[in-house]
Amino acid sequence: MLYGNRSIKTNKKKGHIMPATDTITALVAEVEQVKQVDASAIALLNGIAGRIQAAVDAALAGGATAAQVAAVQAVVDDLTANTLALSAAVAANT
């Protein structure tokens, strides 16, 4: 059975919807899994931004100008901002 875009398990022998406690338990498990995925995505994005920023910093230390690395710095800035927005959304449970 489909509810929204979530499936609700049914007892095929009797055709009854599972008790509410089973449904709630399944939803809680799904939410925990999503939280772990979100945390992993945030860690990955932070890691990527950090590595790109380190490359920008190394380029600047090696003599590149801010103008030469501006496009890459803009990507780092956008990635960082989007990661912060994702973190805030996860914290707010949205």
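Data overview
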{"item": "Residue that is nearest to Ala92 (Cα to Cα), among those in region 52-79 that are of a type outside the set (A, V, I, L, M) and surrounded by 11 or more Cβ atoms within 10 Å (Cβ to Cβ)", "result": "Asp78"}
{"item": "Residue list for region 41-75, restricted to those being of a type in the set (Val, Ile, Thr), more than 30 Å from Val31 (Cα to Cα) and assigned to a helix (DSSP H, G or I)", "result": "Ile52, Val56, Val69, Val72, Val75"}
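Every number here is computed from the coordinates shown, using simple stated rules; none is lab data. Everything numeric in this text was worked out from a predicted model, so none of it was measured. Don't worry about glycine lacking a Cβ; one is built from the backbone with ideal geometry, like all the others, and counts go over all protein chains shown.
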